[in-house]
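What follows is a short report on a single structure.
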Amino acid sequence: MTLQAAARLTEILLALALIQQSLEHLVRFRSEQVLFGVRIVLCGLVLAGIAAPWPLFGLAGLSVLILYRFEGPYNGGSDRMGLLALWCLTAARLLPTPALQELAFGYLGAQLILSYFISGGVKIVNPDWRSGRALADVFRFSAYPVSETLRAWADRPRVLLAMSWAVMGFELIFPLTLVWKPALIAGLVVAGTFHLANACLFGLNRFFWTWLAVYPAILWLQGRLFH
């Protein structure tokens, strides 16, 4: 996959993710309707490939206003990854030399790898994750309206212990998938399925769409480093 093809695919997926997030704000205060209405229009231009790369530049500038409006990335990790993807894409399109463009886009792929590895490292030093208690609390005290059947999983300590270690183990070994493309593809399928399950079970839909948008960057990076 070429840099241009990977960056274009990332642009499309990110624009779709940002549109999905923006629609949530159109029923709120007028200041939000204006900000996110403009973002939807700019995302539409990105999808259509019109006036590239300036709609991306406009989205990057608009992101600063949104950060000011909400005093930071109000939706946590998914917003941070979305901002990182947006700014890396903008840099990859506007920087003057191919080497700098590759560096900007490769940085996005590297950050995706670190997002999994660091998440696993944070979990494994936490005794509640090593014992399965943290995952039990996720099922028992989820703020999202989930079924009682799903909450009942909190009372299956052995299953949750195995699940906890499976999650931690996968996240910690994920960087190793970079050395072999089939392993990386398999790893991304597993990771994507994990995010999809979280979206369906707990309502964490932003993580699924935002992380999925960045997958082309790591696929390009793998090819760039090992081919």
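The Cα atoms of the range 3-226 give a gyration tensor whose axes a ≥ b ≥ c have a/c of 1.5 or more with a/b no greater than b/c, which makes the shape oblate.
So what's the net charge close to D128: Lys and Arg +1, Asp and Glu -1, counting the other residues with Cβ under 13 Å from its Cβ?
Local charge sum for D128: +3.
Here each label is just a point 7 Å from Cα along the line to Cβ, and for S131 and S31 those points are 4.5 nm apart.
Potential lengthening of the chain between F170 and L65 amounts to 34.1 nm, from the contour at 0.36 nm per residue minus the alpha-carbon distance.
Peptides 71-78, 177-184, 11-18 ordered by packing proxy, namely the average of other Cβ atoms within 10 Å per residue, highest first: 11-18, 177-184, 71-78.
Label-to-label distance, E102 versus N198, with points set 7 angstrom from Cα along the beta-carbon direction: 3.2 nm. Over the chain, DSSP H runs of length four or greater, each weighted -39,500 (n - 2.57), average out per residue to a 222 nm ellipticity of -26500 deg cm²/dmol.
Segment V159..K181, full-extension length gain: 4.8 nm, with 0.36 nm per residue of separation and the alpha-carbon distance subtracted. Here each label is just a point 7 Å from Cα along the line to Cβ, and for L95 and V189 those points are 3.2 nm apart.
Quick note: the coordinates plus some simple rules give every number you see, no bench work behind them. Given the structure is predicted, the values throughout are model-derived calculations rather than measurements. Neighbour counts are summed over all protein chains in view; Cβ atoms, including those assigned to glycine, are modelled from backbone coordinates with ideal geometry.
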